[in-house]
Amino acid sequence: MVHIYHGDGKGKTTAAMGLAVRAAGVGNLVSVVQFLKGNPTGELEILSRIPEVTILRNEVNHKFTFQMTEEEKQELAVMHNLNLMQAIDKINRKECDTLILDELLDVYNMDLIDKNMVRTLLEMRPKELEIVMTGRNPDEYLISQADYITNMKKEKHPFDKGLPARRGVEF
């Protein structure tokens, strides 16, 4: 089935990584593709130690997209497409039971991923493949493909008081 974790609240990636751990815990092969992220995080550190989990992401931390030139955005899109193609290859080789597409909703909305490749993946996915997408503002097409949709709504967050992200909690 297809899951969407979206909204302005904390917990989208955390929920997706929790599902990755649960799936790996029962022996499923998990591929985590992270878009727009390059810094090391606590969840990736522990997930990298689980043999059933493969992590595909850019090892370079980029500026925020609003700080990028069009050329930099296109370079980023190429990296995102390559990571997604690697995940699709794993699916085709039956080496992926659960696919986590972290921040896909954002790169989809910003045209930093090949939308046709995403649509083909969703429409041609094996019935037994679980797909999780996270981010903000899911596109109507992605909503139409989802079986589960969870909206993480922020009601209060320390960032509102100017406090920075904390290691082990936000990253």
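The values are calculated or read from the model by the stated rules, or taken from the named source; none is laboratory data. These numbers were taken from a predicted model, which means no experiment stands behind them. Virtual Cβ from ideal backbone geometry, glycine too; neighbours counted across all protein chains shown. Calculation scope for accessible area: heavy atoms of the full protein, side chains included, ligands and nucleic acids excluded. Shrake-Rupley method; radii C 1.70, N 1.55, O 1.52, S 1.80 Å.
With r as the distance between the Cβ atoms of Phe159 and Glu95 and R0 = 41 Å, compute the FRET efficiency 1/(1 + (r/R0)^6) and round to 0.05.
Numbers: r = 38 Å, r/R0 = 0.92.
Using R0 = 41 Å, I get an efficiency of 0.60.
Given only helices, namely DSSP H runs of n ≥ 4 each adding -39500 (n - 2.57), what is the per-residue ellipticity at 222 nm of the chain, to the nearest 500 deg cm²/dmol? Spell out each step's value before the answer.
Details: 6 runs with 65 residues, N = 171.
Calculated from helices alone, the mean residue ellipticity at 222 nm is -11500 deg cm²/dmol.
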- Item | Gap separating the Cα centres of the range 1-41 and the range 120-161, nearest whole Å | 11 Å
- GluC sites (Glu not before Pro) within the range 100-129: which are DSSP loop residues with at most 13 other Cβ atoms inside 10 Å? Glu128
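Before I look further, what does the range 127-168 give for accessible area per residue, probe 1.4 Å, in whole square angstrom? Don't jump to the answer; show the numbers that get you there.
On the way: 3230 Å² over 42 residues.
Counting only protein heavy atoms, the per-residue value for the range 127-168 is 77 Å².
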- Query: Most mobile of Phe35, Phe64, Phe159 per a Gaussian network model of the chain (Cα springs, under 10 Å)?
  - Reply: Phe159
- Item | Estimated vicinal HN-Hα couplings, Hz - the range 154-171 in sequence order (Karplus 6.51, -1.76, 1.60; Gly, Pro = x) | 6, 10, 7, 8, x, 4, 4, 9, x, 7, x, 4, 10, 4, x, 10, 9, 8
- FRET efficiency for Asn116 and His62, using Cβ-Cβ distance with R0 set to 25 Å, rounded to 0.05: 0.60
- Under 25 Å from the Cα of Lys127, which lysines turn up, not counting those fewer than eight places away in the same chain? Lys12, Lys90, Lys94, Lys115
- (i) 12.9; (ii) 9.9; (iii) 11.0, with the label sought being that of the calculated mean projected area of the Cα convex hull in nm²: (ii)
- Note on the structure: Exposed-loop cut sites defined as trypsin sites (Lys or Arg not before Pro) in DSSP loop states with at most 11 other Cβ within 10 angstrom; longest site-free run of the chain spans 1-48
- Could you list which residues have their amide H under 5 Å from that of Val53, counting only those 5 or more apart in sequence or on another chain, with H placed in the peptide plane? Val30
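Rounded to the nearest 0.05, what FRET efficiency is calculated for Ile143 and Ile46 with R0 set to 25 Å and r the Cβ-Cβ distance? It would help to have the intermediate numbers written out before the result.
Working: r = 31 Å, r/R0 = 1.24.
Approximately 0.20, to the nearest 0.05.
Please report, to one decimal in angstroms, the Kirkwood hydrodynamic radius of the range 115-154 built from all distinct Cα-Cα pairs. It would help to have the intermediate numbers written out before the result.
Values: mean 1/r = 0.0879 Å⁻¹.
Taking the inverse mean of 1/r over all distinct Cα pairs, the range 115-154 comes out at 11.4 Å.
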